[in-house]
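Before any comments, here is the structure.
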There are 2 protein chains.
Amino acid sequence: MKIAPISGFPEWLPEGRIVEQKVIDTLRSTFELHGFSGVETRSVEPLDQLLRKGETSKEVYLLNRLQGEEGQKSKLGLHFDLTVPLARYVLENAGKLDFPFKRYQIQKVWRGERPQEGRFREFYQADVDVVGQGELAPHHDIELPLVMVDAFSKLPLPPVVVRASNRKLAQGFYEAVGFEDTESVLRIVDKLDKIGPDKLSEELQETLGATEAQARAALELATIRTPDASFVDKVRALGARGDLLDEGLEELANLIEGANSLIPGAMQADLSIARGLDYYTGSVYESTLIGHEDLGSVCSGGRYDNLVEAGKRKFPGVGLSIGVSRLLSRFIDRGLVVPSRKVPACVYVAVNDEGERPHAARIAQKLRERGIPTDVSHNSSKFGKQIKNADKRGIPFVWFTTSEGEQVRDVRTGEQVSANPETWMPPAKDIGVDVQGVLSHE
Amino acid sequence: MKIAPISGFPEWLPEGRIVEQKVIDTLRSTFELHGFSGVETRSVEPLDQLLRKGETSKEVYLLNRLQGEEGQKSKLGLHFDLTVPLARYVLENAGKLDFPFKRYQIQKVWRGERPQEGRFREFYQADVDVVGQGELAPHHDIELPLVMVDAFSKLPLPPVVVRASNRKLAQGFYEAVGFEDTESVLRIVDKLDKIGPDKLSEELQETLGATEAQARAALELATIRTPDASFVDKVRALGARGDLLDEGLEELANLIEGANSLIPGAMQADLSIARGLDYYTGSVYESTLIGHEDLGSVCSGGRYDNLVEAGKRKFPGVGLSIGVSRLLSRFIDRGLVVPSRKVPACVYVAVNDEGERPHAARIAQKLRERGIPTDVSHNSSKFGKQIKNADKRGIPFVWFTTSEGEQVRDVRTGEQVSANPETWMPPAKDIGVDVQGVLSHE
């Protein structure tokens, strides 16, 4: 039996899973605190749905029944994000949902990448979106990134900064300086971090026939980054004028000011953000973890005026998505976030001999009834060995039935005291497993 | 855009998802109370792993990259249960796990069934297993089903009865009455519920060449069902004798008596249980929900002496599995289990006019900081309409900023009182969404 990890399909040891579960729980409870409903969609979508937006076709995993007819082409693929499923879910259930529909979704997605690239082919994504029917007020553009800021602030991770730009601002600016194919400009500017300013200028001129001045203007726009609405003056100083540009500037200024008035320092304007390939129509967001900028954006999204269109019905939305597995992979693999113990049990009930196992099981039952996670020793070896078994799992307390009655020992201090299984409580901090960042908040 | 459900891939509205999530949370917290570690394995396994046990080959979904080379055969399939992944995970990580390894796993599994059959092709399974290295004490056969009994007792579902038999008992009995191919007897007896006793007797005689007396003995064994260890005498009364039979009788008697001494009435002996196709070697379990016997077994499992074999290393285990989606599908679809409201929000903050939205957002912030799930009205329509918005989502409280200060209104009673957003608390029962069985415990 050959056993080996499969590239791109991450899996954790139980300790790592405790961290992942804790992060997912924290995201979920934060999203619910903000009034978002949890949704879980099936893992598959019809292939034509998955390919609707083009570009991503290369990343789809198709499903085929092993015993299906030979030559029969699959029409189902695994979803590669949670936005395509959301669009379909909203349309399918529009008559039964309350709009604006606030939903969060934390699920695995799959990308049929070539295995060699060391990319994730299966990973958790955590999305929050609000979807309107017909219209969606601009204040949701402020609400959504702040949900993510609140969520990140509760994770055992370094602080996050959400940066925002605006598609109308960029497009309006490019139009004003004379670009025609503004989509392509966005796509090229999106590569700024990868290829640098010189290459970028070159590509704009060569691919799009831009003048040197136009290329310089596009570059100058992309370098504007301010902690407040002062980007407006900086853009104006570049000289471009236009209605779409004005609209974008106003939207972004309202977003940055509105967000920072609720959570000071939560957001910055960063006009380098293009999110070139996506279908955003207004606000766009990216987020960086301080000290881990090389991870790239850990939480991204934006406003889309048409999540779905069905005849005359329009469903605009705004949302952000966290690539949970990619993020955690760094922190779990490097041991930067660790659980306080390896197992859920807080108490380990020792067993004197197998004849007394039912008594030990009853002690455990009583502790569990009061919410204390409890394991019972799997054998009745010498007490020293049973204490060692607890200790190597990080279980803080061992329960003994002695000739002097029931006793509980704190494995960390060696202190052993008499205890009643119907009333004894461990310190609150020891009941559940705590998850802590090791270096993250230094 | 054609939008339709895909047969076999269940999906819930947000209300249904609240129920599903609650059930999953309850299972998880119970499993952790009993000291089981959560594990999540990748969704795919190499095809040769999936096909190792035969028989299930027809149910595998293969993955193919849409852009993969034509003619290249897939070597990855989606897992169809959580036992094959557990076996692989244990072997892959044996050096890093503590044995006995107690793990729970709640994940989706996929079965590549033909779509016509109306079967589930994607569904949640919840498994608990304990796996030993080299050996595994028999007391775990008592521990594992009781974990499930404890879990079910906390679910908003009707009471469950776990029934057990023993593979050695059945095999020893069949051998003693003269059957040679005991595997085939098990497989045929497993169909008792489906085909009835007459057909069964016929099939045993026709397929296996059994005498009428042998067929009758097999049938008589299968009708034995006792709430305690009295099945031993009933089996003895059938006249068969043998070492393997004795061993099985003793194991099952210890199991039933041990379990019922800890949770009276938790388990029954039911010698009709064969679980024919599985790889169990000792205890076997099935469970029925009272009043929903037609669902069949909702939680099944058993003891396997060889979960994995790798050279000389042996990993025996015992575990049970709940088919969560199949179970919930009945209770959600029939409205037998419902949430106390449709959304997580407990408070809905009204907005006087858009200029005062930041004030409303700050009220919400203060409530959330104290753990109260809060939504803010998406518009500033008339108060009556905002109250209606809250009411149709089932949100119990609406917060108003009035000329007389901050006030909160209980939508259910219409009572409105002055409140401070930094100290006001809703009744504890209203903070989270409660999930209740409607008819289940009548």
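Here A:P344 meets each of (1) touching a strand residue (DSSP E or B) at 6+ places or on another chain (Cβ under 6 Å); (2) buried (at least 19 other Cβ atoms within 10 Å of the Cβ); (3) not in a strand (DSSP E or B) with one exception, condition (1). Number of residues in segment A:29-39 that are surrounded by fewer than 23 Cβ atoms within 10 Å (Cβ to Cβ) and within 7 Å of chain B (Cβ to nearest Cβ) equals 2. Only one entry of B:V308, B:V338 meets the criterion of being part of a strand (DSSP E or B) and open to solvent by 30 Å² or more (accessible area, probe 1.4 Å), and that entry is B:V338. Among residues of segment B:213-224 that are more than 14 Å from B:E203 (Cα to Cα), those with a beta-carbon under 6 Å from a residue that is at pLDDT 95 or above and assigned to a helix (DSSP H, G or I) at least six positions away or on a different chain give the pairs B:L221/B:F173; B:I224/B:F231; B:I224/B:K234. Among the residues of segment B:228-237, those that are over 16 Å from B:V284 (Cα atoms) and buried (at least 17 other Cβ atoms within 10 Å of the Cβ) comprise B:V232, B:V235. In segment A:347-370, which residue that is of a type in the set (V, I, T) and outside any loop (DSSP other than H, G, I, E, B) is farthest from B:T26 (Cα to Cα)? Per the criteria, the residue is A:V349. Taken over segment B:371-385, the criterion of being more than 13 Å from chain A (Cβ to nearest Cβ), closer than 19 Å to A:A137 by Cβ and outside any loop (DSSP other than H, G, I, E, B) is satisfied by B:F383, B:K385. Screening segment B:95-113 for residues that are of a type in the set (A, V, I, L, M) and either modelled with pLDDT under 95 or within 30 Å of B:R330 (Cβ to Cβ) (or both) and picking the one that is nearest to the chain's Cα centre (by Cα) gives B:I106.
For segment A:153-166, a residue qualifies if it is in contact with a strand residue (DSSP E or B) (Cβ under 7 Å, 6 or more places away or on another chain) and open to solvent by 10 Å² or more (accessible area, probe 1.4 Å), and the qualifying residues are A:P156, A:V160, A:V161, A:R163.
Within segment A:363-378, the set of residues being open to solvent by 50 Å² or more (accessible area, probe 1.4 Å) and in contact (Cβ under 8 Å) with a residue 24 or more places away in the chain comprises A:K366, A:R370.
Sort out which residues of segment A:3-20 are open to solvent by 30 Å² or more (accessible area, probe 1.4 Å) and either touching a Ser or Thr at 6+ places or on another chain (Cβ under 8 Å) or facing another protein chain (nearest Cβ under 8 Å) (or both), and write them in order of number. Of everything in segment A:3-20, those that are open to solvent by 30 Å² or more (accessible area, probe 1.4 Å) and either touching a Ser or Thr at 6+ places or on another chain (Cβ under 8 Å) or facing another protein chain (nearest Cβ under 8 Å) (or both) turn out to be A:I3, A:A4, A:P5, A:P10, A:E11, A:L13, A:I18.
Scanning segment A:386-442 for residues that are in a loop (DSSP other than H, G, I, E, B), touching a residue at least 12 places away in the same chain (Cβ under 8 Å) and exposed (fewer than 12 other Cβ atoms within 10 Å of the Cβ) yields A:E404, A:R412, A:N420, A:E422, A:H441.
When segment B:27-49 is filtered for residues that are part of a helix (DSSP H, G or I), in contact with a helix residue (DSSP H, G or I) (Cβ under 8 Å, 6 or more places away or on another chain) and closer than 24 Å to B:W110 by Cβ, the ones remaining, listed by number, are B:L27, B:F31, B:Q49. Helices (runs of 4 or more DSSP H) fully within segment B:114-229 that include at least 1 residues being among the aliphatic types (A, V, I, L, M) and more than 30 Å from the chain's Cα centre (by Cα): B:167-176, B:192-208, B:212-222.
In segment A:251-282, the residue that is modelled with the highest pLDDT out of those that are closer than 24 Å to A:V308 by Cβ, open to solvent by 10 Å² or more (accessible area, probe 1.4 Å) and not hydroxyl-bearing (S, T, Y) is A:E251. State yes or no: is A:L144 away from every other protein chain (no Cβ under 14 Å) and among the aliphatic types (A, V, I, L, M)? No: the conditions fail for A:L144.
Just one of (1) within 14 Å of chain A (Cβ to nearest Cβ); (2) in a loop (DSSP other than H, G, I, E, B); (3) among the acidic types (D, E) fails for B:E257. It is (2). The single condition from (1) open to solvent by less than 20 Å² (accessible area, probe 1.4 Å); (2) under 24 Å from B:Y285 (Cβ atoms); (3) part of a loop (DSSP other than H, G, I, E, B); (4) at the interface with another protein chain (Cβ under 9 Å from one of its Cβ atoms) that B:F80 fails is (4).
Residue pairs whose Cβ atoms lie under 6 Å apart, separated by 6 or more positions or on different chains, with the first residue in segment B:290-312 and under 16 Å from B:Q125 (Cα atoms) and the second open to solvent by 10 Å² or more (accessible area, probe 1.4 Å), are B:S297/B:E286; B:S300/B:E286; B:G301/B:S321; B:G302/B:Y280. For segment B:317-335, a residue qualifies if it is assigned to a helix (DSSP H, G or I) and farther than 13 Å from B:I24 by Cα, and the qualifying residues are B:R326, B:S329, B:R330, B:F331, B:I332, B:D333.
The values are calculated or read from the model by the stated rules, or taken from the named source; none is laboratory data. These numbers were taken from a predicted model, which means no experiment stands behind them. Backbone-built Cβ (ideal geometry, glycine too); neighbour counts: all protein chains shown. Heads up: the accessible areas ignore ligands, DNA and RNA and are worked out on the full protein's heavy atoms, side chains in. Shrake-Rupley method; radii C 1.70, N 1.55, O 1.52, S 1.80 Å.
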